[in-house]
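S.K.: Below you will find the structure I want to go over with you.
The values are calculated or read from the model by the stated rules, or taken from the named source; none is laboratory data. Computed from a predicted model, the values in this text were never measured in an experiment. Counting neighbours? That spans all protein chains shown, and the Cβs are built from the backbone with ideal geometry, glycine included.
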Amino acid sequence: MFIIEKIPENEAKSETFKININGQLSEGYTARVSAIKENQFWPGYQRPLDQTEISTFISISTDEALNFELNPNFVFNEVVIRPLGKKISVDVFDNTVTFCIKDIGHYTVEFDGIHNTLHIFVNPINDFSDVKNNATYYFGKGIHNVGKIKVKSNDVVYIEDGAVVYGCIYGENVDNVRICGYGILDDSMEERVNGECYTDDTNGCIKFYNSSNLVLDGLILRDSAVWNVNYFGCNNVIINNIKIIGSWRYNTDGIDICSSQNVQIKNSFIRSFDDSIVIKGIPGYGLVNCCDIIAENCVVWCDWGGSLEIGAETTAEEMYNITFKDCDIIHGGFRCLSVNNCCRAKVHNVYFQDINIDYNRYEEIPLLISICIRNGYYGFYMDDPDKIGENFDIFFENIMVNLDSGIGIPPSEILGFNSEHESHDIVIKNLYFNNEKVDSIDEISLKTNEFVKNITLL
């Protein structure tokens, strides 16, 4: 069985592709995405639309294989399905594309680069019966204009597959809140009013402060005004199988975990304009440690910033026990695997494990590994200009890099700040370029400085 809900009446439908799935004609949603790498700190006005384009996505629930037949309304030379690690073969005949998806997960079908893409979200079948039966807010199929929902402790929000909710969700000092469903939460009606993304005057799709025992499961998040998913000073958070798309506005990160602990991010798709999955220590939270955080089995498309990152804000005593695991970076922005320490934190016991990274010839080449210590912008990234951090015990293991034809070894950097604030004890184990294991540091195209010690290649 597979389920594709009809797009609500008056909701825009994509005209880019004719989509046939297991013999059933299906419609795609639209989302505005970034067309070029052009970002800046908030200038007081929003990005011009001529820097953007309209893309297509479709959401399916299934327990069977899905046979696709696509007919794009344009002529193309090349088609690629990502993540490349899924090894999905494609047949093309007379401008018709056919392929089969057998596994739950999230995929992109890309034609001649990044500008003509179909995003495919394949979910497990889940009727969310426990959520529906206890919902405080229940949004059934159709379009709902709700504005800002301020949840209370023990609230349950359910957005049904086939529902499009125009609004955002906010919680402060709450406990035990669930937000679930396969529907769409669209923040496009919200106007940004502040240069910071920390404050509550601009929300983004999801924003919580000083809260605990939070679940976000299944939703599609579209067109956020600022960071899409924000948790500040939170504890015990589960983010599962969310899909972020339609990020084109200045500084629109994907998932930002700020001054929080005990967080799981899993089985999700993040296409963000700015940083995709990022762990931060934010000024104003009493230097609380950021720790015990894992992001796993996620597909990441970063249009501009860092794909899997710690920083740039690192206002904390320590940031540790942070793991990025079993993830696919299909477009890397400017930095793929990054520790960008711009404040005082001791950043350590950080693990990048079992990561597949695709490099293609249509985009600028992002840094593969970026570890640095910088004196950040006082009052923005940091709380005290005299407090500088340290990076140590950072591990990279089983990193598979897929290089498109004509692309050389991508650059990396590991940098310290001074003799008292170094980056040290870095381990790189089982790094591969196009299935060939790297045996020497000289093969990595690595930039270092005199404030780096003990880099080990295994």
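S.K.: Which condition from (1) over 20 Å from Arg335 (Cβ atoms); (2) among the charged types (D, E, K, R); (3) surrounded by 14 or more Cβ atoms within 10 Å (Cβ to Cβ) is the one that Glu413 breaks?
M.R.: It fails just one condition, (1).
S.K.: If Gly233 passes every condition in (1) in contact (Cβ under 8 Å) with a residue 40 or more places away in the chain; (2) out of contact with any Ser or Thr (no Cβ under 7 Å at 6 or more places or on another chain); (3) surrounded by fewer than 24 Cβ atoms within 10 Å (Cβ to Cβ) but one, which one does it miss?
M.R.: (2)
S.K.: Additional query: Does Val97 fit the bill of being at pLDDT 95 or above and in contact with a Leu (Cβ under 6 Å, 6 or more places away or on another chain)?
M.R.: In short, yes.
S.K.: So, restricting to strands (runs of 3 or more DSSP E) that lie completely within segment 332-440, which ones have at least 2 residues that are of a type in the set (A, V, I, L, M), modelled with pLDDT of 95 or more and under 30 Å from Thr315 (Cα atoms)?
M.R.: Output list reads 335-341, 346-359, 367-373, 390-403, 423-433.
S.K.: Moving to a separate point now. Would you mention how many residues in segment 154-187 are small (Gly, Ala, Ser), over 22 Å from the mean Cα position of the chain (by Cα) and either assigned to a strand (DSSP E or B) or surrounded by 23 or more Cβ atoms within 10 Å (Cβ to Cβ) (or both)?
M.R.: So the count comes out to 1.
S.K.: Please note which strands (runs of 3 or more DSSP E) are completely contained in segment 32-139 and include at least 1 residues that are not assigned by TED's automatic domain parsing to the domain that holds Thr252.
M.R.: In segment 32-139, 52-62, 66-72, 79-82, 91-93, 96-101, 105-111, 117-124 are the strands (runs of 3 or more DSSP E) which contain 1 or more residues that are not assigned by TED's automatic domain parsing to the domain that holds Thr252.
S.K.: So for segment 396-406 (the condition being of a type in the set (Gly, Ala, Ser), in the same structural domain as Ser260 (by TED's automatic domain parsing), under 25 Å from the mean Cα position of the chain (by Cα) and under 30 Å from Ser34 (Cα atoms)), does at least one residue qualify?
M.R.: no
S.K.: Still on this model: Select from segment 258-301 the residues that are modelled with pLDDT of 95 or more, outside any strand (DSSP E or B) and surrounded by 20 or more Cβ atoms within 10 Å (Cβ to Cβ) and list them in ascending order.
M.R.: Those that are modelled with pLDDT of 95 or more, outside any strand (DSSP E or B) and surrounded by 20 or more Cβ atoms within 10 Å (Cβ to Cβ): Ser259, Ser260, Asn267, Ser268, Phe273, Asp274, Asp275, Ser276, Cys298.
S.K.: Right, another one. Which of the following residues is within 18 Å of Ser272 (Cβ to Cβ) and among the charged types (D, E, K, R): Glu9, Glu78, Glu110, Glu15?
M.R.: Glu110
S.K.: Please go through segment 188-211 and give me each residue that is β-branched (Val, Ile, Thr) and either more than 22 Å from the chain's Cα centre (by Cα) or not in a loop (DSSP other than H, G, I, E, B) (or both), ordered by number.
M.R.: Across segment 188-211, the qualifying residues are Val193, Ile206.
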